[in-house]
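The values are calculated or read from the model by the stated rules, or taken from the named source; none is laboratory data. Treat the numbers as computed from the prediction; the structure is a model and nothing was measured. Every residue, glycine among them, receives a Cβ derived from its backbone with ideal geometry; neighbour counts consider all protein chains shown. Ligands, DNA and RNA are stripped out before the accessible areas are found, and what is left, the full protein with its side chains, is counted by its heavy atoms. Shrake-Rupley method; radii C 1.70, N 1.55, O 1.52, S 1.80 Å.
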Amino acid sequence: MAETYVIPMGDIPSRKLRKTVKVFIKEEDVCLYDDGGQEFGVSLEKNRLILKPDQ
């Protein structure tokens, strides 16, 4: 069973890193794979990173 994960941008410790992540997510189509091979789409919504499983 796949879950959606929400990561508040404030949890990223560095202001510079938060800015870099925001710019990267807005300009690119980003996905993430976990150890089991599950693919997650990554988006930025309301100042939070949203990881949703791709079906």
Inset, instruction - Grab the beta carbon distance between R18 and S43, set R0 = 25 Å, and tell me the FRET efficiency rounded to 0.05. - result: 0.95
Legend entry - Förster radius 30 Å - calculated FRET efficiency between E27 and E3, Cβ distance, rounded to 0.05: 0.70
Legend entry - Simple Cβ-charge dipole of the chain, Lys/Arg +1 and Asp/Glu -1, about Cα centre, in debye nearest 20: 600
Inset, instruction - As a check on your grasp of the helix formula, calculate [θ] at 222 nm for the chain: sum -39500 (n - 2.57) over DSSP H runs of n ≥ 4, divide by the residue count, round to the nearest 500. - result: -7500 deg cm²/dmol
Legend entry - Share of carbon and sulfur in the accessible heavy-atom surface of the chain [1.4 Å probe, %]: 50
Legend entry - Counted charge near E39, where neighbours are those whose Cβ lies closer than 13 Å (Asp, Glu -1; Lys, Arg +1): -3
Legend entry - Over segment 11-55: Rg over Rh, Cα atoms, Kirkwood Rh: 1.00
Inset, instruction - Using a 1.4 angstrom probe on the protein heavy atoms only, line up L44, L49, L17 by accessible area, largest first. - result: L17, L44, L49
